[in-house]
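The values are calculated or read from the model by the stated rules, or taken from the named source; none is laboratory data. Remember, it's a predicted structure, so these values are computed and weren't measured experimentally. Cβ placement follows ideal geometry from the backbone for every residue including glycine, while neighbour counts extend to all protein chains displayed. For the accessible areas, the whole protein counts, side chains as well, though only heavy atoms, and no ligand, DNA or RNA atoms are used. Shrake-Rupley method; radii C 1.70, N 1.55, O 1.52, S 1.80 Å.
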Amino acid sequence: MPVYILTDGTGTRAQIPAHLTMISISLINTSTDCTNKVVKGKVIHKGPLAKLSLDNVVLKTIIQEDDASVSGSSHNLSINVFLFGSLAKNFNDAVSQGDVVMASGFIASKSPTAKKDNLHPYNLILSRDDACIYVSKVTKTPKYTYTRLDNLKNESVVNVYGVVVFFKQPFQTRGTDLCSTLKITDQSNENIGCTIFCEKLKDHPRIFQIGDIVRLHRVKAKLFNNSITLVSTFGFSVVTFDGSVGGAVQPRTSSKSFHFDEEDRRTVEELRSWATSKGLRPLVSSTVPLSGIQPNVYFDLTCQLLAKTPIDSTCTLLRVWDGTRCPYTLVEVIAEPGITEGPTSFSKVKESFIANVFVYDNHMEFAKLLKPGDFLRIYNLLATPGSNKVPGLTRSQPVEENHLAFHLHGGTSFGRGIRVLPENSLDVQELKRVFESFPEDPKDELNEVWGTPPESLDGGTVEGSGVFTERSCSHQMMPVTLSQLKQNHPDGAYHVRVQLRSYEPRRLYQSLKLFCSKCSSIQDIPDDESVAGIFSEASQHFETCWSPKWLESRQANLPRSQGFPSQALDVLPCVQLLFQKENKDFIFLNGSTLEETCQFAARVQNIVPVTSSGGHLNLLDLSAPFLFRGRKRYYGCKQCSDAVLRKPSFGREEVIDEKLLAKAFGVQLMQFVLLMKLELQDTTDTLDVFLMKHTELFFSVSAEEASISETAQNRISQIMNILCPPEGSVGQHPWLDLCLTAYRPEGDEGQNQTCYQICNTTIFTQSDPT
DNA sequence: GGTTAGGCTTCG
């Protein structure tokens, strides 16, 4: 008494034994010869397994014949079926409501409940040994097939997948519907325009950016202007997916039931990686925060609507913010209380973050549907100076010609339009996070100060905070947000607009390092204590020794500290220099302490400390400076130097300096560098970056100067104090325009880690001459 | 099972 599962899922009789003949349920009665007969019906009810005795169970089910499958009588198509014993158990396990079953080996018996249940007057009893059930498992939705975009035949209705390379948000047509225009592509590299007509917005594709992936069902291929286009047709539906590789495959659709299986997931993921490898997804989205906008450059804005005011018959004002402040002065607008949705005034601080967006013509219809609090993406927005060109209610301002207003002009060119973003989108969550941490107290004096808009508009970056930056790179790029940067991080240059959150080391001397340009090693500058140790070790071994002919030995009898014999110091000028009367410029010093060397250094321009061992003069260990020039000390790289005391040769006109001497003694000179790690933030994310190659440009201070000059050190400390004051919240830190370079550190194969450096950027303070 | 639009910047 088995239950067979049929594999083709269609419920045809191809898989049941040939000796069985199909009989319509409507023809069942007690006089029917049920031998070798089979009935077919859909399970419309499946009762529980009920115990009859210790070793027998019964299960009642109702099956209904599809009247289209049988010609003739159309009544009594639903019949009670009673299954016994193991057949009942197997049926219970294997069959679900909705499955189509075929039954054989039954007998018919009069139904005592026919009047009550209004079903077939007979029941089917399956208790015999030859009783058998064949099950066609229900396939819930039909399987869709998808046509590649290079395989579209004119006038055919197809289903397709594609990567969006162009899109317009739905706009009202002259007809009854809204229209979405998009262009999609797939691995065939065909670009296919799609036109989608639907009356309701919710039925349109939910595309937010280039690179999103759409699945269109029931679109018709039509030839237009010699190109195949796709147009929505009866029963059209669409599902949209984000296009980022590795992200969750989350279908965006309004339909409550739609087919989506493992194969769909795979298709989406394949399109994602294909599109990414083809560079179809823009590395940097066209979305720009208010802090990064540039006048007269079109951009997309992700923001929250705060208030809405009708201006005139062609224009509506949307007051929006995204938690960043636009560096340019914006037009002021008085919102009339009576006609405004949302607040008509905000704290002075918040006001300084608000952009006034004028929305014209066809977009007003959409604006009508918006509510304060909505999160929006406004596509193809333009900021233009000149408040005299702003319609309606602008307040007179002293320098209003330069003040920016945002315009969403009429028309739908370049995808111009507005879209409400769903609450669960990442962009909205980021905005919410920023708004939550936003200082709300309007009496916060500091905020008032930072809220003061800058007065200048001349191209560069300006802030009211006492510092501003200038980029010296030649890149013409829109700034990106840190989250965009982190999502797409190929090597290269980027512009960002950020605040400094923290930095290390906090003490300047810890950021001063020695760098070997040959082996790229970076090391700390030895502290005075360890250098003094090397000198005192060397001076204790002092012996007057044979010196080469090119040196003249002159014993110096200085009063010595620390109980050293007073004669134990050898000043060794070069003979050549003695004759040139330039002996003050360069001496070797044998047996001196660090302290004495520094005293000499105040009077002699170049001092190379030496030590004597085995009757020979040698350079000191390279852990100590190999040269003193005034207050500056120069070090050699231990790894890359092959240091030997040799006779240096001086050209007559040659200046004796660290480079010449390093070369003469085979010392690989180390450079002073300033190395800092800065934690940046904007409204979207934080990012650790290094200040390394261009630190000197950044501070306008040389690292070598910083190693000795208090003025240079103070400048760096002052700048860091302005960028990241020890007191106050990070939100009050000044905004900086920076050029960053992203790169993979050498020797980091396989780690796939990206590092960032600040490059081509200089900080100016208000006291700097400009 | 029908019309609309059929990318390629407003002009305020």
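The mean accessible area for residues of chain A, using a 1.4 Å probe and ignoring ligands and nucleic acids, is 49 Å² per residue. The relative contact order of the stretch A:3-136 comes to 31 percent, based on Cα pairs under 8 Å that sit 6 or more residues apart. By the rule of a C-alpha distance below 13 Å, with chain neighbours fewer than 8 residues away ignored, the aspartates and glutamates paired with residue A:348 are A:332, A:440, A:441, A:444, A:445, A:448. Among A:426-432, A:522-528, the peptide with the highest mean count of other Cβ atoms within 10 Å heads the list, and the full ranking is A:426-432, A:522-528. Dividing the helix sum by the residues of chain A, where each DSSP H run of 4 or more adds -39500 (n - 2.57), gives a mean residue ellipticity at 222 nm of -4500 deg cm²/dmol. Pairs of Cα atoms nearer than 8 Å and 6+ residues apart set the relative contact order; for chain A it is 8 percent. Note on residue A:671/residue A:280: beta-carbon distance plugged into 1/(1 + (r/R0)^6) with R0 of 41 Å gives a FRET efficiency of 0.40. The mean of 1/r over all distinct Cα pairs in chain A, once inverted, gives the Kirkwood hydrodynamic radius of 34.2 Å.
Against the main long axis of the alpha-carbon atoms of chain A, helix A:262-277 sits at an angle near 30°. Ligands, DNA and RNA left out, the 1.4 Å accessible surface of chain A is 50% carbon and sulfur atoms. Note on residue A:27: accessible area is roughly 100 Å² with a 1.4 Å probe, heavy atoms of protein only.
Straight-line reach from residue A:153: taking Cα to Cα under 19 Å and skipping same-chain neighbours fewer than 8 places apart, the lysines in range are A:183, A:220, A:222. Descending by average beta-carbon neighbour count within 10 Å, the peptides A:255-264, A:660-669, A:314-323 line up as A:314-323, A:660-669, A:255-264, the highest first.
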